[in-house]
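Comments concern the structure below.
Read-outs throughout are calculated quantities, based only on the coordinates presented, and are distinct from any laboratory measurement. A quick note: this is a predicted structure, and the numbers were derived from the prediction, not measured. Ideal geometry is used to build each Cβ from the backbone, glycine not excepted, and the neighbour counts take in all protein chains shown.
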Amino acid sequence: MKLLVVCLGNICRSPMAEGALRARLAASPLAGRVQVDSAGTGDWHVGQPPDPRAIACAAGHGVDIAGLRARQLQRADFDSFDWVLCADDANLRDAARWAPAARRERLALYLPWAGGPAGQAIPDPYTGSRADFEHVWALVDAAAGRVVARLLHDADSGIIGP
Ligand code: 4NP
């Protein structure tokens with residue numbers, strides 16, 4: 001199983017979501033069985049580490065995302081990932097333009113896909129405060145917990161392989 005989380009810059013929301021997923025997967029029986037990556041629809045920050053505020057927020061929750069580097073979403077990602085999971089509606093719209101028609105059903109808004117409320121977006125904290133980053137963390141960490149629970153259930157049901 002391979003999951004790709006997508007936001008705009010790949011320096012705030014999607015690396016935080018990636019870090020939360022990696023941490024919760026590593027602490028679960030699924031360790032080593034699910035691959036997680038993140039990307040941005042934009043290219044402004046390609047090659048850069050996450051925003052220092054995102055790094056500090058994740059670190060405050062015991063998760064190190066300082067080694068991640070931003071990259072831009074590529075068309076090939078739709079072939080190599082099982083799911084491309086977007087932070088907000090604009091990301092979803094932009095990603096849908098690049099997705100081969102046959103892969104659009106593997107494109108979704110992340111929080112609802114993870115079992116959250118229909119239509120719920122991860123708000124962009126880039127121009128916000130430390131509290132906005134904390135809010136993003138709370139959303140992506142809760143989502144990560146739900147994703148791991150669901151994938152564990154799928155693994156028990158044989159839906160995802162070893
Ligand atoms: P992200 O946040 O999409 O969560 O990584 C942003 C990062 C950079 C910009 C906007 C949002 N920007 O305009 O450079």
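Could you list all residues from the stretch 112-149 that are in a loop (DSSP other than H, G, I, E, B), among the small types (Gly, Ala, Ser) and surrounded by 14 or more Cβ atoms within 10 Å (Cβ to Cβ)? So that I can check it myself, show each step before the final result.
First pass over the stretch 112-149, keeping only residues in a loop (DSSP other than H, G, I, E, B): 114-129.
Subset that is among the small types (Gly, Ala, Ser): 114-116, 118-119, 121, 128-129.
Result: Ala114, Gly116, Ala121, Gly128.
Quick check, is Asp51 of a type in the set (D, E, K, R), more than 14 Å from the ligand (Cβ to nearest atom) and out of contact with any strand residue (DSSP E or B) (no Cβ under 8 Å at 6 or more places or on another chain)? Let's see the steps before the verdict.
Numbers: of a type in the set (D, E, K, R): yes; more than 14 Å from the ligand (Cβ to nearest atom): no; out of contact with any strand residue (DSSP E or B) (no Cβ under 8 Å at 6 or more places or on another chain): yes.
No; evaluated as a whole, the condition is false for this residue.
Residue-wise test of (1) free of Cβ contacts under 8 Å to residues at least 24 places away in the same chain; (2) more than 14 Å from the chain's Cα centre (by Cα).
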site	(1), (2)
His61	no, yes
Gly67	yes, yes
Asp77	no, no
Trp98	no, yes
Thr127	yes, yes
Ala131	yes, yes
Glu134	no, yes
Gly158	yes, yes
